[in-house]
Amino acid sequence: MAAETLAPDALLEQIELAGALADIDDDPDAPDGAWLTATTNGSTAARAGFPVPSADPSAGAGLQEFRVLVRKNAAGGNTVSWSLELWENGAQVAVLATGTTDSTTGEVASGSWDATSLAAADGSLVECRIAQTGGAGGNPSNRRYLEVGAVEWNAEVAGVTAQFMSASGAGLAGLAQATVMARSLATTASATNGLASLVTLGRLLAGPAMASASLLKSVAKGLAAAGSGAGAVARKTAKAASAAAGAAVALAGAILVPQALTAPATAAAQLASAFTAGPGPAIPFLRRLLRAVLRRVVRG
C-alpha cells in the first residue's frame, strides 16, 4: 500500500456559505488563510469531490481519512457542532465523526473509513461533506455558524509499501534496480528457453536431414551409373548395328557385282563353285573376275 493525499477538485454543495473551491483546496495543517464564510442566514454545509486516486483505495478499517479545517464565525455566543460525512455520487454513505468547535481561528475535524463502503472500488465518486448541526438557534445575538477553510482526503491505495523506501531514496533506487533486473532475467530466461528448444529441435531434425542427404547422394550415384551403363550399351549397340549394316552392304555388293558384270547363271555358278571349293580356288576365280571387269570397263 501507499499513502496519497488528495485535495478536492470540485465544490459540489455549499449551504449558507460564500466562497469557491480555491478557498478549501489547501492543506488543513498548513492553511492558506482563505475560508468559505457564513452568510449568517442559517446552519451551513459544504460538500467536496476529489480526483480519482492513482490506484484503488485499499480496504481496511481506518485506512481512509478525511481532514477538514473548521471554525465558528465569531467569538462568544453558542458553540458550533458539526458532522463529518462520507458521501458517494451525491448520496450519504456514513457519518464518520461528530464534534463541536468554539475556535475562531480554526481546528481540524477528522474521520476515518473503510474503502469497502464504496460502490465504485476505484474511488472515483468519493465525496466529503461537513455540516453544521447546532449553534444557529436561540437568541440571535448568540447564534454562531460553521465556516470551512480546507479539506483533504488521506488515502491508502494499492502500491509499493513506503517502508521499503529510505529518506535518501536508496531504497527506491534499489527497488527500481531489482525490478529492472527481474525483467531482464525474465527476458533472458525466456530467450534461453527458446534457444534451447531450437537447439533440441535442430538436433532432432539433423538425423533425418543427414539420412535424407545420404540417400539422395546414393540415388544420384545410382542414376549416374545407370546413365553411364545405358550410354555404353547404346554405344555398343550402335557399333554392332553399324558393323552389321556394313557386312550386309558388303555381302550385297559381293552378290550384285558379279551379277551385273557377267551372265547371271554363269556368274552364280562360278561364284558358288569357287566358294564351295574353298579359299584356294576362289582366289584365282576372283582374280579372273577382276580382270574381266577391268576389260569390260576399258572397252567401255
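The values are calculated or read from the model by the stated rules, or taken from the named source; none is laboratory data. Everything numeric in this text was worked out from a predicted model, so none of it was measured. Backbone-built Cβ (ideal geometry, glycine too); neighbour counts: all protein chains shown.
Observations, loosely collected:
- Of all residues in the stretch 12-43 being crowded, with 21+ Cβ neighbours inside 10 Å and touching a Lys or Arg at 6+ places or on another chain (Cβ under 8 Å), the one that is nearest to GLY137 (Cα to Cα): TRP35
- Of the residues in the stretch 50-62, at least one is within 16 Å of GLU85 (Cβ to Cβ) and either under 47 Å from the mean Cα position of the chain (by Cα) or at pLDDT 95 or above (or both).
- Among the candidates SER110, SER141, SER83, SER117, residue that is touching a residue at least 60 places away in the same chain (Cβ under 8 Å) and either surrounded by fewer than 22 Cβ atoms within 10 Å (Cβ to Cβ) or outside the structural domain of LEU12 (by TED's automatic domain parsing) (or both): SER141
- Out of ALA46, ALA131, sole residue that is surrounded by 15 or more Cβ atoms within 10 Å (Cβ to Cβ), over 51 Å from the mean Cα position of the chain (by Cα), closer than 24 Å to ALA20 by Cα and among the small types (Gly, Ala, Ser): ALA131
- Any hit, the stretch 86-101, residues being touching a Cys at 6+ places or on another chain (Cβ under 8 Å) and closer than 18 Å to PRO8 by Cβ: yes
- Some residue of the stretch 155-176 being modelled with pLDDT of 50 or more, among the polar types (S, T, N, Q) and out of contact with any helix residue (DSSP H, G or I) (no Cβ under 8 Å at 6 or more places or on another chain): no
For (1) closer than 14 Å to GLY123 by Cβ; (2) in contact (Cβ under 8 Å) with a residue 40 or more places away in the chain, each residue gets a yes or a no:
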| site | (1), (2) |
| --- | --- |
| ALA30 | no, no |
| PRO53 | yes, yes |
| THR79 | no, yes |
| ASN89 | yes, no |
| GLN92 | no, no |
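- Every listed requirement among (1) surrounded by 20 or more Cβ atoms within 10 Å (Cβ to Cβ); (2) of a type in the set (Val, Ile, Thr); (3) closer than 15 Å to THR44 by Cβ is met by THR100 save one, (1).
- Scanning the stretch 40-95 for residues that are touching a Leu at 6+ places or on another chain (Cβ under 8 Å) and of a type in the set (Ser, Thr, Tyr) yields SER43, THR44.
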